[in-house]
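J.: Quick one: the structure is below, and I'll ask about it shortly.
The values are calculated or read from the model by the stated rules, or taken from the named source; none is laboratory data. This is a predicted model, so every value here is computed, not measured. Heads up, the Cβs are rebuilt from the backbone with ideal geometry, glycines too, and the neighbour counts pull from every protein chain shown.
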Ligand code: GDP
Ligand code: ZN
C-alpha cells in the first residue's frame, strides 16, 4: 500500500496489480494517539490492508492490519509524531567512503532509531572504490565497531559494481527504505540494482513513481523487477531521532551492555556519576570515543525536543 492524502495505491500481491483505492466510510479516519501525541496519518506506505475491489482498477480499503513496525519521526518540535512507513524489513543506511566523507554520527542516529522502532538495519558503505590512505582509518573503525555490534555491513561501489549482487540478494522480496545523506549515492544504487531504472537520469528516477506529486512526505515506491520494493522518502532521509526521553537513549547503545550493569547507580546515565563503568571502559578504550560522542549528541537532541514540549 502507498499513497497520498485520500487516494491510496493498493498492490494485490496475488495478481501483482495495483488498485487505486479510497477508504471505505470513516473507519480509518480516526486520529491514532501515541503517548499523547497526535498521529497524523492512519495509512502509510507499507501498510497491509483489507480491501474490496470495485472494478478492474479501483477499490475501497476496509481496514488496516496490525503493523510489525513503524518508521516514525517527530514534527513540530516534538509535538506530533508522523509515521512515514510501516512494515519495513530493512532500514538500509547508505553512507559513502568519501565525497561526502563517512559520517558515523549519522549512522549511529539511524542505528539507535531503528533499534528503538524494532526495524532491522543494514549499513551500506558506498563508493568503496574511493578508499584510500586518507579515509581508510575512519572506515575501518566504523566497520569494525558496527560488526562487533552484529550489524550487517556491505561495501558497495556503483562504479565497479562491487557488492551490488550481495545487496540484491539481501533485499530480494523485501520492503526496504534507503536512508542516507544527499550525495552518498542512493539513486545510483537504485539504478545499478535494477535494469528498469538504469536508463533514467538520476534526478528523474524520483518522478517515475511519483505521479507528479512533490510533497515532502510522499513516499516514492520503487518496485524491484527481481522482487521486493524500495521506499524512498524525503522525511526518512533527514532522520531526526525518535526516542521519547533522554534517559531512554543509553539502553540502545549496545556496546555499553557489558559495562552498565556494574555502574554504581542502576539509573546511571554515564555522564559524570561516580564509579561509572561505562566511563571507565571509555577511558580504557573498550568503548569507541565516537560512539560515546554519538551518545551525548543524541541525548542532547532529545533533551531539546523534551524542553520545547513544556
Ligand atoms: P544521492 O543523492 O544519495 O541519490 O546520490 P547520487 O546517486 O545522486 O550520487 C551522488 C554522486 O556520487 C554522483 O555524482 C554519483 O556519480 C557519485 N557516485 C555514486 N555512487 C558512486 C560510487 O560507488 N563511486 C563513486 N566514485 N562515485 C559514486
Ligand atoms: Zn555509568
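J.: If a residue has to be under 21 Å from residue 151 (Cα atoms) and either within 10 Å of ligand 1 (Cβ to nearest atom) or touching a residue at least 60 places away in the same chain (Cβ under 8 Å) (or both) to count, how many in the stretch 168-197 make the cut?
T.: 14
J.: Could we say that residue 154 is farther than 30 Å from residue 74 by Cα and either away from ligand 1 (no atom under 12 Å from the Cβ) or modelled with pLDDT of 90 or more (or both) here? Steps first, please.
T.: Numbers: farther than 30 Å from residue 74 by Cα: no; either away from ligand 1 (no atom under 12 Å from the Cβ) or modelled with pLDDT of 90 or more (or both): yes.
So residue 154 fails the test.
J.: Would a scan of the stretch 24-42 turn up a residue that is in a loop (DSSP other than H, G, I, E, B) and modelled with pLDDT of 85 or more? Break it down stepwise before answering.
T.: The first filter runs over the stretch 24-42 and keeps only residues in a loop (DSSP other than H, G, I, E, B), leaving 24-32, 35-36, 40-42.
With the extra rule that they be modelled with pLDDT of 85 or more, the set shrinks to none.
No, the conditions are met nowhere in the stretch 24-42.
J.: Something else now. For residue 134, work out the one condition from (1) farther than 19 Å from residue 186 by Cα; (2) more than 16 Å from ligand 1 (Cβ to nearest atom) it doesn't fulfil.
T.: Result: residue 134 fails condition (2) only.
J.: When the stretch 223-268 is examined, which residues are found to be within 16 Å of ligand 1 (Cβ to nearest atom) and either buried (at least 17 other Cβ atoms within 10 Å of the Cβ) or at pLDDT 90 or above (or both)? Outline the logic, then answer.
T.: Looking only at the stretch 223-268, we keep the residues that are within 16 Å of ligand 1 (Cβ to nearest atom), and these are 230-239.
230, 231, 232, 233, 235, 236, 239, listed by residue number.
J.: Next up: Which ones in the stretch 252-266 are near ligand 2 (Cβ under 9 Å from one of its atoms) and farther than 18 Å from residue 114 by Cα? Spell out how you get there, then give the answer.
T.: Residues of the stretch 252-266 near ligand 2 (Cβ under 9 Å from one of its atoms): 256, 259-260, 262-265.
Residues satisfying the conditions are 259, 260, 262, 263, 264, 265.
J.: On to the next question. Against the conditions (1) touching a strand residue (DSSP E or B) at 6+ places or on another chain (Cβ under 7 Å); (2) closer than 30 Å to residue 68 by Cβ; (3) surrounded by 15 or more Cβ atoms within 10 Å (Cβ to Cβ), where does residue 193 fall short? Just the number, please.
T.: In the conditions (1) touching a strand residue (DSSP E or B) at 6+ places or on another chain (Cβ under 7 Å); (2) closer than 30 Å to residue 68 by Cβ; (3) surrounded by 15 or more Cβ atoms within 10 Å (Cβ to Cβ), residue 193 misses (1) alone.
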